[in-house]
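Below is one structure, written out as structure tokens; comments come after it.
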Amino acid sequence: RDGRDGAAGPAPGTAARPRSPAGMLLLAAGLLLAVAAGGRGSPTGEQESPPGSRFVCTSLPLDAASAGCPLPPVPMQGGALPPEEELKATVLQLRETVLQQKETIGSQREAIRELTGKLSRCEGADGKSAAGAWKNEVGKGKDTMGDLPRDPAQVIDQLSRTMQTLKDRLESLEHQLRANVSYSALPADLREMLQRRLGDLERQLLSKVAELEDEKSLLHNETSAHRQKTETALNALLERVSELEKGHSAFKSPDEFKVSLPLRTNYLYGKVKKSLPELYAFTVCLWLRSSASPGIGTPFSYAVPGQANEIVLIEWGNNPIELLINDKVAQLPLFISDGKWHHICITWTTRDGMWEAFQDGEKLGTGENLAPWHPIKPGGVLILGQEQDTVGGRFDATQAFVGEMSQFNIWDRVLKAEDIMNIANCSINMPGNIIPWVDNNVDVFGGATKWPVETCEERLLDL
């Protein structure tokens, strides 16, 4: 500070000496070194300035230099030295200033690397979320960066402003040199060297300012992206926790439920939300229990535009259980109307229209020429408990299923006999890869209900 803002001026009784341009340049270089030193931390635990302290830069008159702060002799304006000697001394001072600026730029680069390293350690500490750690530390009023400000961008802004200030003062110095020294009186080589030195220093300063601006922008973008990613993950977790707290499913597991259809009507049914893709083979397995007579009705039906009987399993009247594919019929040797739980599996492939029928893990029948070379059409409606005369409707009460069913799964291939046996005897749990039995994939209508289902072992005891 100078005498205008309250700092100590020259000693009483002495006139203030005019400062030379070289002295002002040294003062600017000292100011930059002080700011750079104040912006760096000590990641290795070296001695640091106390929290909250800051540097105060005070200008001293040239005659107040002491042994602890020596200043090189500077020829004063109006002295006995000729202008050429004074200019040579000024050039030497500029050369030293350029070296000091290079050291300062190196120090600032090191400070930026330290700042980036500390930010990375802050984000990755103990494997915790950077955003969560930041919020916790801010909530406690602590500085997670140690000796750095809470916002790293402030340090970069401060360095940028300092560099810009130094550039402005160098331009002022150049104007003063032009005003105080007649260029026409200087040798051409000295004048050219001085201009070249000033130009190099100005380009270095401008390059450093641009570099600092780029690094500040990059740091801000990375921090924003990380914060947004963390907030997205937290929101997803909160939504999941809310769903669990509301208890969307009343069952212990998404597949541990059964659909109950207790009456023979044309309005009780279940609907599978997911539709079938185009199929060239399939396996359908389910657990069911019914004691209705005559016939258990229609456990499931799949209808597509133009073909209401694309896939149907039905037992009505005194007829045996039938499998319909593309309105073609095969009679199955299954007997399941005894009021007990039974595990049923049916396989089919378009090649020669071959089919197999399994009851409680045992193969009871097989055949061929059931809609051979006909692919199952996609995009239809899959109904539980009713036979469709049109896609999704026109149910007939005489063909309705009466009873309970569970674990209705569909695969896009023919399962092996050992896999079907293992599913039936509860050795494995194998959900269908096309239609799995899960709570949120089945809706019930007309008074049909969902209930917790007996365990697989309890169903086995019922056989």
Item to complete: Just add up the charged neighbours of Thr265: K/R +1, D/E -1, any other residue whose Cβ is under 15 Å from the Cβ of Thr265.
Response: 0
Worksheet entry | Distance histogram for the range 252-371 (every C-alpha pair counted, 10 angstrom bins, percent rounded to whole numbers) | 11, 43, 37, 8, 0
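Using mean Cβ contacts within 10 Å as the protection proxy, how do 427-435, 335-343 order, highest first?
Packing order, densest peptide first, comes out as 335-343, 427-435.
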Worksheet entry | Residue-wise HN-Hα coupling along the range 100-112, computed from phi with Karplus coefficients 6.51, -1.76, 1.60 (Hz; x: Gly, Pro) | 4, 5, 4, 4, 5, 4, x, 4, 5, 4, 5, 4, 5
Fill in: Efficiency of FRET between Thr449 and Lys229 - r from beta-carbon atoms, R0 41 angstrom, step 0.05
0.45
Worksheet entry | When the convex hull of its Cα atoms is projected in every direction, mean area for the range 279-330 (nm²) | 4.2 nm²
Worksheet entry | Label point distance in nm, Ser253-Gln195, each placed 7 Å from Cα along Cα→Cβ | 8.7 nm
Discussion item. Please report the accessible area of His226 (heavy atoms, 1.4 Å probe, ligands and nucleic acids excluded) in Å², nearest 10.
Written reply: 70 Å²
Worksheet item: Hey, with R₀ at 30 Å, roughly what FRET efficiency would Val91 and Thr116 work out to, going by the Cβ-Cβ distance, to 0.05?
Response: 0.20
Worksheet item: Can you flag which of Lys340/Lys416; Lys229/Lys450; Lys340/Lys450 are past 29 Å Cα-Cα?
Response: Lys229/Lys450
Discussion item. Let me check I've understood the local charge: for Ala308, count other residues with C-beta under 13 angstrom from its C-beta, Lys and Arg +1, Asp and Glu -1. What total comes out?
Written reply: -3
Item to complete: Take the solvent-accessible surface of the protein heavy atoms, probe 1.4 Å, and return the percent of it on the range 290-428 that carbon and sulfur atoms account for.
Response: 48 percent
Practice prompt. Read phi for every residue in the range 196-206 and hand back ³J(HN,Hα) as whole Hz from Karplus 6.51 cos²θ - 1.76 cosθ + 1.60, θ = phi - 60°, with x for Gly and Pro.
Written response: 5, 5, 5, x, 4, 5, 5, 5, 4, 5, 5
Worksheet, complete the sentence: Hydrodynamic radius by Kirkwood for the range 257-459, inverse mean 1/r across distinct Cα pairs, in Å, is 16.6 Å
Fill in: Under Karplus coefficients 6.51, -1.76 and 1.60, residue-wise ³J(HN,Hα) of the range 254-265 in Hz, glycine/proline x
x, 9, 8, 8, 10, 9, 10, 10, x, 10, 8, 10
Worksheet, complete the sentence: Reported to the nearest 10 Å², Val329 has, with a 1.4 Å probe, an accessible area equal to 80 Å²
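The values are calculated or read from the model by the stated rules, or taken from the named source; none is laboratory data. Just so it is clear, the structure is predicted and the values come from calculations on it, not from any experiment. For neighbour counting, all protein chains shown are included, and Cβ atoms are generated from backbone atoms with ideal geometry for every residue, glycine included. Quick note on the areas: whole protein, heavy atoms, side chains included, nothing else; ligands and nucleic acids left out. Shrake-Rupley method; radii C 1.70, N 1.55, O 1.52, S 1.80 Å.
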